[in-house]
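**Q** Sending over a structure as structure tokens; questions will come in a sec.
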Amino acid sequence: MGSDRKTWRIGVAGLGTVGAGLLTFLSEHPDFAPAGGRAVVTGVSARSRSRPRPFDISNLPWFDDPVALANSPDVDLFVELIGGSDGPAKAAVEAALSAGKPVVTANKALIAEHGAELAALAEAKGAPLLFEAAVMGGVPAVKIVREALVGDEIRSVAGILNGTCNYILTEMEATGRSFAEVLAEAQRLGYAEADPTMDVGGFDAAHKISILAALAFGCAPNFAAAEIEGIEQVDLLDIRMAKDLGYRIKLVASAERSADGVLVRVHPSLAPLNHPLAQAGGALNALFIEGARTGRIFVQGPGAGAGPTAAAVAADIADVMTGAVRPVFQAPASSLKPFDPIDPSRMTGRAYLRFLVKDEPGVIAAVSETLAEAGVSIESFLQKPTEGAEGVPIVLTTHAVAESVLTAAVERIAGLPAVLDRPHLLRIARI
């Protein structure tokens, strides 16, 4: 099997949005022939054969079991678009790699949680394992980090990696509606799943940033070490107050390397209004990559959808057809080790704090004194009485401070008699 093959017989498991996009692309481009080879679909598998689809599969061999499709002698290249970190997706990918067949996948959970072991299997069998479509949809983030910047030393990657969360936060700001209202609309429009936990809980973005961290830093993906916070607790009041202070709230996924190790985290964070991340609205994805030699690179584009993601899958298929060979991650699988996670409490950064306090004299002074005693310096302050509210919301931003110090200060403020509920803390993005 190699780049001299005239026809690559492709098995596609998973006929959802991305699978439909891929089959549509290949049917509309029968001349898709990188390096002179042709790509022909010779088998498909999905949960339901009878489900209505925008394309005809009646002339394609059907497999109820994706593992059987992966093992089929009529399949040279296996495309996994089922999703999920385990179950049939993992079993089918392992079957294909074990048979020495190249695998192309869009499955970020599978790569983030089992990438190292799958890379070892792929390299032992001499079979490519490619996953461009797993991160940022149609934006070639994986290629940039794994290939274009292999001659640099990447220090950090950070950005917006989940279009659903970005759409929800954008709509909350634009329409003044609550998280619950906008989420319901996103589900109706198909931007969010019926169970939106993977997206709004930050887990989808964490899978993606775990993959980028592994590629950037030459280590094994370590999803279990990621610090994850979703957007469920972002209040409309925070969006308004942050804007008054010159910021916009985004779900930012980041991976930073230092002498102590690697910090991978996903958090709602404040980005300055004039910053490119703050200006990436709707369902867009955006990413900053900082290298020792190249400096900062910024890419932005559609992070999901049938067309963009199918284009990324097709690009990986083209790489296989042209005979491109490289380690699955930055280094051979035998040398991959999980990164050493940094204790987040040791990190320093700026923060946004919101308190609901009693409307009485001396409260602001008490909060300020408590912060000062804890070693937290205030950068800006905002008080906005809200009609009909039980108390008065006050918001402040801090100068850079150790997270352990900030956490201790917030606990002390929470205990003040004039503070009516638990202080709300958001980080200001380190971008």
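**Q** Scan segment 289-316 for residues that are open to solvent by less than 20 Å² (accessible area, probe 1.4 Å), hydrophobic (A, V, I, L, M, F, W, C) and over 30 Å from residue 10 (Cα atoms) and jot them down.
**A** Restricting attention to segment 289-316, the residues satisfying the condition of being open to solvent by less than 20 Å² (accessible area, probe 1.4 Å) are 289, 291, 301, 303, 309-310, 312-314, 316.
From what's left, hydrophobic (A, V, I, L, M, F, W, C): 289, 310, 312-314.
If the condition is that a residue be open to solvent by less than 20 Å² (accessible area, probe 1.4 Å), hydrophobic (A, V, I, L, M, F, W, C) and over 30 Å from residue 10 (Cα atoms), then 289 is the only one that fits.
**Q** Considering only segment 34-50, state which residues are touching a residue at least 24 places away in the same chain (Cβ under 8 Å) and open to solvent by 40 Å² or more (accessible area, probe 1.4 Å).
**A** Just the residues of segment 34-50 that are touching a residue at least 24 places away in the same chain (Cβ under 8 Å), to begin with: 34-46.
Of everything in segment 34-50, those that are touching a residue at least 24 places away in the same chain (Cβ under 8 Å) and open to solvent by 40 Å² or more (accessible area, probe 1.4 Å) turn out to be 35, 36, 38, 40.
**Q** Right, next: Could you tell me how many of the residues in segment 96-125 are over 10 Å from residue 80 (Cβ atoms) and part of a helix (DSSP H, G or I)? Write out each step before concluding.
**A** Filtering segment 96-125 down to residues over 10 Å from residue 80 (Cβ atoms) leaves 97-102, 108-109, 111-125.
Right, trim to part of a helix (DSSP H, G or I) and you get 97-98, 108-109, 111-125.
Qualifying residue count, segment 96-125: 19.
**Q** Scan segment 47-79 for residues that are at pLDDT 95 or above, out of contact with any strand residue (DSSP E or B) (no Cβ under 6 Å at 6 or more places or on another chain), assigned to a loop (DSSP other than H, G, I, E, B) and within 12 Å of residue 14 (Cα to Cα) and report the count.
**A** Going through segment 47-79 one residue at a time, the tally reaches 2.
**Q** Go through 158, 99, 89, 112 for me and flag whichever is open to solvent by less than 20 Å² (accessible area, probe 1.4 Å) and under 19 Å from residue 317 (Cβ atoms).
**A** Selected residue: 89, the only one of 158, 99, 89, 112 that is open to solvent by less than 20 Å² (accessible area, probe 1.4 Å) and under 19 Å from residue 317 (Cβ atoms).
**Q** Kindly establish whether residue 359 is among the acidic types (Asp, Glu) and assigned to a loop (DSSP other than H, G, I, E, B). Walk me through how you get there before you give the answer.
**A** Values: among the acidic types (Asp, Glu): yes; assigned to a loop (DSSP other than H, G, I, E, B): yes.
Yes, satisfied.
**Q** If we only count helices (runs of 4 or more DSSP H) wholly inside segment 179-276, which ones have 3 or more residues that are open to solvent by 40 Å² or more (accessible area, probe 1.4 Å) and more than 28 Å from residue 379 (Cα to Cα)?
**A** 179-189
Let's see how each residue does on (1) more than 34 Å from the chain's Cα centre (by Cα); (2) under 21 Å from residue 412 (Cβ atoms); (3) open to solvent by less than 80 Å² (accessible area, probe 1.4 Å); (4) among the aliphatic types (A, V, I, L, M):
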{"position": "323", "(1), (2), (3), (4)": "no, no, yes, no"}
{"position": "326", "(1), (2), (3), (4)": "no, no, no, no"}
{"position": "331", "(1), (2), (3), (4)": "no, no, yes, yes"}
{"position": "337", "(1), (2), (3), (4)": "no, no, no, no"}
{"position": "360", "(1), (2), (3), (4)": "yes, yes, no, no"}
{"position": "364", "(1), (2), (3), (4)": "yes, yes, yes, yes"}
{"position": "372", "(1), (2), (3), (4)": "yes, yes, yes, yes"}
{"position": "391", "(1), (2), (3), (4)": "yes, yes, yes, no"}
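The values are calculated or read from the model by the stated rules, or taken from the named source; none is laboratory data. Computed from a predicted model, the values in this text were never measured in an experiment. Using ideal geometry, Cβ is built from the backbone for each residue, glycine included, and neighbour counts are taken over all protein chains shown. Areas reflect the complete protein model, heavy atoms only, side chains present, ligands, DNA and RNA absent. Shrake-Rupley method; radii C 1.70, N 1.55, O 1.52, S 1.80 Å.
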